[in-house]
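The values are calculated or read from the model by the stated rules, or taken from the named source; none is laboratory data. Predicted model only: the values in this text are computed from it and were never measured. Glycine also receives a Cβ, built like all others from the backbone with ideal geometry; neighbour counts cover every protein chain displayed. Accessible surface is based on the protein model in full, side chains and every heavy atom, while ligands, DNA and RNA are left aside. Shrake-Rupley method; radii C 1.70, N 1.55, O 1.52, S 1.80 Å.
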Amino acid sequence: MPANTLPHLFLILFVLGVSWPAGNARHHPFACDPRNAAVKDLPFCKVNLPIPDRVRDLLGRLTLKEKVGLLVDNATAVPRLGMVAYEWWSEALHGVSNVGPGTRFGGKFPGATAFPQVITTAASFNTSLWEEIGRVVSDEARAMYNGGVAGLTYWSPNVNIFRDPRWGRGQETPGEDPIVAGEYAARYVRGLQGNLPGDRLKVAACCKHYTAYDLDNWSGVDRFHFNAKVSKQEMEDTFEVPFRECVMQGKVASVMCSYNQVNGIPTCADPRLLRDTIRGAWRLNGYIVSDCDSVGVFYDNQHYTATPEEAAADAIKAGLDLDCGPFLGIHTQGALDRGLLKEIDIDSALANTLTVQMRLGMFDGESSAELFGNLGPRDVCTPSNQELALEAARQGIVLLKNHGPSLPLSQRRHRTVAVIGPNSDVTVTMIGNYAGIACGYTTPVQGIGRYTRTIHEPGCPNVNCKNAHLFGDAINAARESDATVLVMGLDQSIEAEFKDRDGLLLPGYQQELVTKVAAASKGPTILVIMSGGPVDVSFAEHDPKVSSILWVGYPGQAGGAAIADVLFGTHNPGGKLPMTWYTQDYLAKVPMTTMDMRSNEARGYPGRTYRFYKGPLVYPFGHGLSFSNFIHTLTNAPAIFTVPVDGRHRNTTTVRVTHAKCGGLSLGLQVDVKNVGSKDGSHTLLLYSTPPVGHWGPHKQLVAFAKVHVPAGTQLRVPINIHVCKFLSVVDRSGVRRIPMGQHSLHIGDVKHLLSIQSTPLGVIKS
């Protein structure tokens, strides 16, 4: 959302006389209060009636003016029908947040559990963890709703592809791989929404920002004016994947369209994207909302329509149901008056939003009688919730380098540790953006202090590190200590919403501080990078005095404890990088505005992400070391796999997915994982496929991943099922997904297996 949106909405709420109840107040029913005799027996309040019938009844009772007042995020009250005002905008990216005006902290709810930023949690590659975090976040959200300080509609998660390493919001995403992003979306949404029977919702999640949105403000181009030129191939192969999974597998209740244009059309005004794809092809059961002020942006900034009434009409007719911002509330009536819209268009939009509210139980009367009505302050910041935040941080830490090995440290041998760096004693930095108020913090120096004596010398007052003359005390601390830990990196002053990076190096004199401290250090020097995006730390990777490197992302409220647990071996790291770490030189070849993923040698374009880029790297996608050593063996993997194909469309080279019998078409195999190290550990299995040469596919594609715990000296057999049509297909230049016939290479680590895919006629399959 734009930086100026929040004050704007606060002003609107103030002018309208809308306020939040005190933090210790019990939440009064949104509608259908059993104490309101005038409405409690109306059909839309009857919980035993089907929701579509209740929605139709309510729409039939609303006046046109009342309907228009419900098209915006700060939906107005309808007192005569017992409906109070409602703020749709709340956020729960990695914990309940107060970024949106629908949620606030105070009274009995001073804070909420602040989990690691999404990019950190994605590094765990642990799907059950992703879902469990969503469940805990929704517990706390429901508790705060019951307490009158939060809503039930949360515009999270962000499942855009981390396409460019400079993107300031890459930290909010699950990384660069479409399949990982899609699986994260489905799992986190299920956790948030509760996966309840009968189409009910615990809270309503929202996958954003649809689509091809991954530039905020770079080199004079901002998201309010950017036209993302995306081929059909890239749209189907990359940008659509996480949103499709979010809707079709996660059953998300909402999708948010983005600020940018795609191929000359604002996403929030494009019926092919909203009406035909999200609601049509993917069958969204929910509502479509604009990013905040997006409709105003495509009128005021992009000049897409000649009048504001045309903008309002274009958005609603394209399939937009709710406007975050005042635009539709101001201009929809004018669009109706000019004949650009009909009341039935408004009814269609409101049917989607009202249905979601009814699925949430907002028209069921007293909230204490609802399924989650007993949740309250005691269910927020619980010991178990905070322990999960700590465990998530541990699992998201990635060990990038461990020469010697120098880690883990020993409490016996490393009795004094110098803790240095601008991020060595931070709190709010650890929770990244779109966060709330944490239950409490453990900083890195505090966490290390639980294991050994520390000497704390920041060296730089902040991550900008503009003065190299302050290094003396830090260098002396390293000389006097048995080990040195440098906690360096970035924060929201460097990478954030509307703040893309110019480069990939450590800011200011940070690199010089690392090098000088490492040279002076009496014992091993460990570099800890706290950041959302990748950092070019080639200098440290090649410096023998920097013995180990950890990437911790933005590790959440318990980040310092998690870092210390890894440093001292209480936790064996098992995280893997969810994005490629490029060298600084990469940026000169790749403008952020170029959306192409595939390389083009003729014009010197190297491509993007591990799937298409083959140039120099600092660290590859999927990189991550352990204190143990794991060996893989592929077992029970077939040499030949046959795809049943409609006989009318049999082709010896490729088979369109729509012509194959894809339902249940799964390739099964098993992977034996043996821990030959001396420490128990969790291991991330990453199984890739390389398609036959000569097609339009990537160099390699992740087709399956799993997180397994393997005790030292033992072996575990892991079953893997690969959906052939989803994961072994490629996308041609026309945007058509096809399964290449011929020899595919499956590989995990250094182990490879050749698989021949063949087609066989099935007869005639009805399309």
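Between the alpha-carbon centres of segment 441-483 and segment 697-767 there is a gap of 47 Å. If you line up the long axis of helix 127-146 against the longest principal axis of the chain, both from Cα atoms, how many degrees apart are they, to the nearest 10? With both axes taken from Cα atoms, the answer is about 50 degrees.
Applying a 4.7 Å Cβ-Cβ cutoff to the chain leaves 206 as cysteine residues with no disulfide-compatible partner. Across segment 418-491, C-alpha contacts under 8 Å between residues 6 or more apart give a mean separation that, scaled by the residue count, equals a relative contact order of 50 percent. Entry comment: accessible area of the chain is 35 Å² per residue, from protein heavy atoms only and a probe of 1.4 Å. Run the count for segment 606-727, please: Lys pairs, Cα-Cα under 19 angstrom, 8 or more apart or on different chains. For segment 606-727, the number of qualifying lysine pairs is 5. DSSP assigns beta bridges within the chain; of those with both partners inside it, close to 60 percent run antiparallel. The relative contact order of the chain comes to 14 percent, based on Cα pairs under 8 Å that sit 6 or more residues apart. Here the Karplus relation 6.51 cos²θ - 1.76 cosθ + 1.60, evaluated at θ = phi - 60°, turns the backbone of segment 77-82 into coupling constants of 6, 10, x, 5, 10, x Hz, with x for every Gly and Pro. Less than 5 angstrom separates the built amide H of residue 77 from those of 85, all sequence-distant by 5 or more or on a different chain. Based on the alpha-carbon gyration tensor of segment 291-333 and its eigenvalue square roots a ≥ b ≥ c, which shape applies: rounded if a/c is under 1.5, prolate if not and a/b is larger than b/c, or oblate? Verdict is rounded for segment 291-333. Label sites at residue 366 and residue 57, each approximated as a point 7 angstrom past Cα along Cα to Cβ, lie 2.1 nm apart. Residues whose amide H lies under 5 Å from that of residue 762, counting only those 5 or more places away or on a different chain, are 645, 646, 647; hydrogens are built 1.01 Å from N in the peptide plane. Using alpha-carbon pairs under 8 Å, 6+ residues apart, how would you state the relative contact order of segment 643-767 in percent? Across segment 643-767, relative contact order equals 36 percent. In this Cβ point-charge picture (+1 for Lys and Arg, -1 for Asp and Glu), segment 512-573 has a dipole of about 200 debye about its Cα centre.
Working note: 222 nm ellipticity from helices only, DSSP H runs with n ≥ 4, each -39,500 (n - 2.57), summed and divided by the residues of the chain, gives -7000 deg cm²/dmol to the nearest 500.
Here the 3J(HN,Hα) profile of segment 206-211, calculated from phi with Karplus coefficients 6.51, -1.76 and 1.60 at θ = phi - 60°, is 8, 8, 9, 10, 8, 8 Hz, Gly and Pro shown as x.
Let me make sure I get this right: for segment 200-300, a, b and c are the square roots of the gyration tensor eigenvalues over alpha carbons, sorted descending. Under 1.5 in a/c it's rounded, otherwise prolate if a/b > b/c, else oblate. Which is it? Prolate is the answer for segment 200-300, as a/c is 1.5 or above and a/b outweighs b/c.
Restricting segment 695-760 to trypsin sites (Lys or Arg not before Pro) that sit in a DSSP loop and have at most 12 other Cβ atoms within 10 Å of their own Cβ leaves 733.
State whether segment 580-684 is rounded, prolate or oblate according to the following rule on the C-alpha gyration tensor (a ≥ b ≥ c being the square roots of its eigenvalues): a/c under 1.5 gives rounded; otherwise a/b larger than b/c gives prolate, and the remaining case gives oblate. Here segment 580-684 falls in the oblate category. 3J(HN,Hα) along segment 101-113, derived from phi through the Karplus expression 6.51 cos²θ - 1.76 cosθ + 1.60 where θ = phi - 60°, amounts to x, x, 9, 9, 9, x, x, 7, 10, x, x, 9, 5 Hz, with x in place of Gly and Pro. For the peptides 441-447, 604-610, 216-222, the ranking by mean Cβ contacts within 10 Å, running from highest to lowest, is 441-447, 604-610, 216-222.
For residue 738, the amide hydrogen comes within under 5 Å of the amide hydrogens of 657, 730, 731, 732, counting only partners 5 or more places away or on other chains and with H modelled in the peptide plane. Angle of helix 51-61 to the longest C-alpha principal axis of the chain, folded into 0 to 90 degrees and rounded to 10: 50°. Find how many whole Å separate the alpha carbon centroid of segment 179-200 from the alpha carbon centroid of segment 544-570. Spelled out, the Cα-based centre of one part sits 30 Å from the other.
Relative to the longest principal axis of the Cα atoms of the chain, the long axis of helix 383-396 makes an angle of roughly 60 degrees.
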